[in-house]
1. Scan (1) over 21 Å from residue 279 (Cβ atoms); (2) more than 16 Å from the chain's Cα centre (by Cα); (3) not in a helix (DSSP H, G or I) for the single condition residue 129 breaks and write down its number.
2. Among what's in the stretch 154-165 and is of a type in the set (A, V, I, L, M) and in contact with a helix residue (DSSP H, G or I) (Cβ under 7 Å, 6 or more places away or on another chain), pick the residue that is surrounded by the most Cβ atoms within 10 Å (Cβ to Cβ).
3. Report, by residue number, each residue of the stretch 85-99 that is at pLDDT 95 or above and farther than 17 Å from residue 56 by Cα.
4. Which condition does residue 114 not pass, out of (1) out of contact with any helix residue (DSSP H, G or I) (no Cβ under 8 Å at 6 or more places or on another chain); (2) surrounded by fewer than 24 Cβ atoms within 10 Å (Cβ to Cβ), if it passes all the others?
5. I'd like the full set of residues that are modelled with pLDDT of 95 or more, over 26 Å from residue 293 (Cβ atoms) and assigned to a loop (DSSP other than H, G, I, E, B), limited to the stretch 217-246.
6. What is the residue count in the stretch 266-286 for residues that are over 15 Å from residue 64 (Cα atoms), outside any strand (DSSP E or B), aliphatic (A, V, I, L, M) and open to solvent by less than 10 Å² (accessible area, probe 1.4 Å)?
7. For the stretch 86-116, which positions are of a type in the set (A, V, I, L, M) and part of a loop (DSSP other than H, G, I, E, B)?
Amino acid sequence: MQQRLTLLVAMLVLAAAIPTGVAGATAQTQQEDCSFPYTVTDASGTEITLDERPDRITTLNPSAAQTVWELGGSEQVVGVTVNADYLDGFDAKTSVTASDGFGISVERVVGTEPDLVLAPNASRTETVRALRDAGITVYQFAAAETLEDVSEKTTRIARLTGHCEAAVEVNAWMEANVEAARTATADVERPSVLYPLGSGYVANTNTFISAMIEASGGTNVLGEFDYEIGYPQVSDEIILQANPEVLLVNSRGSGLQTQEPYASTTAGQNNATVVINTDYLNQPAPRSVVFAVRNMTEGFHPDVETSFVARSEVTVATATPTPTATATDVSEPTTSSETTATTTGEQPGFGVVAALLAVGALVLARRE
């Protein structure tokens, strides 16, 4: 079982490291009014055209599903993966996850009869090709490496699904909270942080997770080493040499800090661990960024005063809500005052595939 999990993580890391063609999605027609037909080129270099607003959308990763929910388009979604199970109304959707719990079932996706499929960068080439061969319109995303990428992804999904106005408010909410964290921690000492995913895999500096660490007043300790891929597998010696002051831990892998080599680091010896809900830490989507940054900031700097912004407090003059762009009402997160900071509402079972840190190597499965 461990060999299978390690192999899966290695495949996912490799998929995230391979360029998917065009850097980002470039619109071929600039239609700020959110009208259709709409033609755009995705990250694979494939041009797609939507003749009208899609009424049936299937998402192949939880972050895309979360984003559509935040934009007020959950009723358009007909197919989701199992790791989107924390979203309200999930049970009413069709699962397109393969029967073994790993990857996507092409047959199930086709069975949802989607007008549009939203696919992550790590989607298998064969899966995307099979869906396109079946006559299905698939938009594939590039990997999100920065918080700006998350914002752009939100705007793109809004444009594809017909919720452009809602994207303005959603991005404003996310950006306001990121700025609040940056402002609050601008003049404080930044602890060195490491995010271990299990089986020696860690989050590098060219990931949106690292961008959240930086925004929250921390420094990704892996920046001291010369790794190019987003989620490299490093040796115990490197982890001990990095010697982080704080361990950022996924809620499904909260026991890692007691295991070697992490237990022998400064963070492990001081029990300096910040635990973040899996769904929010690993998914490049607006709600995830807001909740993870809030909890990281309070975990890294418990004595710092912050001025985070609730969704209800966001008003954007240029965004006039419409019946189809009503945003999901999400409860604000809280953190504990203990050494470990946790988000409320931990959900079972999220941008690359399944519940992974619970068993060590699978944390990437719930990424993206």
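The values are calculated or read from the model by the stated rules, or taken from the named source; none is laboratory data. What you are looking at is a predicted structure, and each value in this text was computed from that prediction instead of being measured. Virtual Cβ from ideal backbone geometry, glycine too; neighbours counted across all protein chains shown. For accessibility, only protein heavy atoms count, side chains too; no ligands or nucleic acids. Shrake-Rupley method; radii C 1.70, N 1.55, O 1.52, S 1.80 Å.
1. Result: residue 129 fails condition (3) only.
2. Ranking the qualifying residues of the stretch 154-165, first place goes to 157.
3. Residues satisfying the conditions are 85, 86, 87, 88, 97, 98.
4. Of everything listed in (1) out of contact with any helix residue (DSSP H, G or I) (no Cβ under 8 Å at 6 or more places or on another chain); (2) surrounded by fewer than 24 Cβ atoms within 10 Å (Cβ to Cβ), residue 114 misses just condition (2).
5. Correct list: 235 only.
6. 1
7. Listed by number, the residues that qualify are 87, 96, 98.
Let's see how each residue does on (1) more than 22 Å from residue 289 (Cβ to Cβ); (2) in a loop (DSSP other than H, G, I, E, B); (3) of a type in the set (Asp, Glu); (4) open to solvent by 30 Å² or more (accessible area, probe 1.4 Å):
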site	(1), (2), (3), (4)
118	no, no, no, no
139	no, no, no, no
152	no, no, yes, yes
167	no, no, no, no
174	no, no, no, no
180	no, no, no, no
183	no, no, no, yes
186	no, yes, no, yes
